[in-house]
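Q: Starting off with a structure, shown below.
The values are calculated or read from the model by the stated rules, or taken from the named source; none is laboratory data. What you see is a predicted model, and the numbers here were worked out from it, not measured in a lab. Here the Cβ is made from the backbone with ideal geometry for all residues, glycine too, and neighbour counts use every protein chain on show.
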Amino acid sequence: MSRSTHRAVGGSTLALALCATLALPAGSAPLERSSGPAAAPASPAASSLQGQSCNDNTGDTGSNSWLSHAELGDRLHRLEQQTRGTVQVDTIGQSNQGRDVWSARVGQGDKVILLQSEIHGNEKTGTHALLSLLKEASKNSPQAKQLREQVTIVAVPQLNPDASELDRRANDRTWDEVVADFPQLAGANAPWNYYTQPRQGDDYASQPGFDVNRDFHPDLDYVPSAQDFPGTSADPGWYIHPESQNIRDLYTDLQAEFGTVDTFVDLHHQGPCYLVGDTGEEVTLSLSGKFVDIENHTQYDKGYDLEYSKRLNVAALDALRARGNSPFGNISLYNQEVNLPGTALGSFALNGSGTVLFEVRGQTQSWGAKKKGQLVKAVETGLMGIVTSVADDSVDELDPTRYDDIPPTTYPRN
Ligand SMILES: [Zn+2]
């Protein structure tokens, strides 16, 4: 049922970025795909992958090797058939352009784990990892059967399909469309996360869109009001988009069913050139459990539990490290100086969910099947570490202070 033993722990102040581009440590390289020459690593040691995967080949040319919206739909519905409904696929809503958004559910346990990918459409590794996880969790093995008795897994593998089809960060929606949906916003300024200029090589001038991952509000019943626009990254969002409304509505349905959404994991990508601490090794993925400065958002605190989020991150870390050295061992802690209540993670954390961010290196890259397979496996491994430790409650035995010992991410300077 609901977690009751975890207590909230205060965060620190400061405000910066999440998942790239919008705000960065001073002097750092741009996160997510760099439009200019990639940064030279600042640290001394040289990784065998540097030059090959960081500097030369990070363009958006690899989308064909990733799942399209239609392919994902085929895979999900086939999985539902093959498992005779052990995996249950539902349509939770439509995107702004009318594409279906699916959830896939497996298990009957009384703790629910909500997993999401592709809220940014050019961050596709998590979608593949979620399909693998669903297959694993729906097997006939004793371990899988036990897992299904312990937890309920709900995966939304492509939350923002319009962005996925365009292979870009933002959705496909204009401010005029928003105002048509919310007439009370006529005359308000478009929000700060509205893209109308070229960005990351994508043409938002002719096809504008919004960063959906800034549209969340910790008050899940919030109604958009003109006075809250254009807002800033330190303010909550507004639920003005079908994509954020879809996952918000699924979240509140799960709250009604389970009492609380125990765990929420959001799967992202970041720039390709970041390093693990001072090792000089390229980051395979960065983890984080901290997205808001809780002291500035106490009015929205409905069970914020940073310590539990840290334990969940340690569970992912241990599963990855158990696979041995590089690339699975190259895990870093994402920038902790963020304050982003408008993100899904920030909003759901304030509602009492344990939260984990995965930031895999590289956007929709074309590094070949082997590297892609490694990155997908890394995400799947970390996810499985979280799921199994929640299932058997071993997450409660993990030491949250180990989270603070994860090597920081080093952001090379241009
Ligand atoms: Zn992202």
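Q: Working carefully through the options 154, 101, 112, find the one that is touching a residue at least 40 places away in the same chain (Cβ under 8 Å), touching a Gly at 6+ places or on another chain (Cβ under 7 Å) and closer than 25 Å to residue 343 by Cα.
A: 101
Q: Further question: Test of understanding: among 366, 347, which residue is under 21 Å from residue 247 (Cα atoms) and either surrounded by 24 or more Cβ atoms within 10 Å (Cβ to Cβ) or at pLDDT below 95 (or both)?
A: Details: 366 fails: under 21 Å from residue 247 (Cα atoms).
Result: 347 is the single residue among 366, 347 that is under 21 Å from residue 247 (Cα atoms) and either surrounded by 24 or more Cβ atoms within 10 Å (Cβ to Cβ) or at pLDDT below 95 (or both).
Q: What number of residues in the stretch 240-276 are closer than 12 Å to residue 344 by Cα and assigned to a loop (DSSP other than H, G, I, E, B)?
A: Counting residues in the stretch 240-276 that are closer than 12 Å to residue 344 by Cα and assigned to a loop (DSSP other than H, G, I, E, B) gives 0.
Q: Moving to a separate point now. Can you confirm whether residue 279 is out of contact with any helix residue (DSSP H, G or I) (no Cβ under 7 Å at 6 or more places or on another chain), part of a loop (DSSP other than H, G, I, E, B) and buried (at least 19 other Cβ atoms within 10 Å of the Cβ)?
A: No.
Q: For residue 165, work out the one condition from (1) surrounded by 24 or more Cβ atoms within 10 Å (Cβ to Cβ); (2) touching an Asp or Glu at 6+ places or on another chain (Cβ under 9 Å); (3) assigned to a helix (DSSP H, G or I) it doesn't fulfil.
A: Of everything listed in (1) surrounded by 24 or more Cβ atoms within 10 Å (Cβ to Cβ); (2) touching an Asp or Glu at 6+ places or on another chain (Cβ under 9 Å); (3) assigned to a helix (DSSP H, G or I), residue 165 misses just condition (1).
Q: Consider the stretch 82-118. How many of its residues are closer than 13 Å to residue 134 by Cβ and either among the polar types (S, T, N, Q) or not in a strand (DSSP E or B) (or both)?
A: Number satisfying all stated conditions: 9.
Q: Run down 284, 260 and say which single residue is more than 22 Å from residue 154 (Cα to Cα) and either surrounded by fewer than 17 Cβ atoms within 10 Å (Cβ to Cβ) or in contact (Cβ under 8 Å) with a residue 24 or more places away in the chain (or both).
A: On the way: 260 fails: more than 22 Å from residue 154 (Cα to Cα).
So the residue among 284, 260 that is more than 22 Å from residue 154 (Cα to Cα) and either surrounded by fewer than 17 Cβ atoms within 10 Å (Cβ to Cβ) or in contact (Cβ under 8 Å) with a residue 24 or more places away in the chain (or both) is 284.
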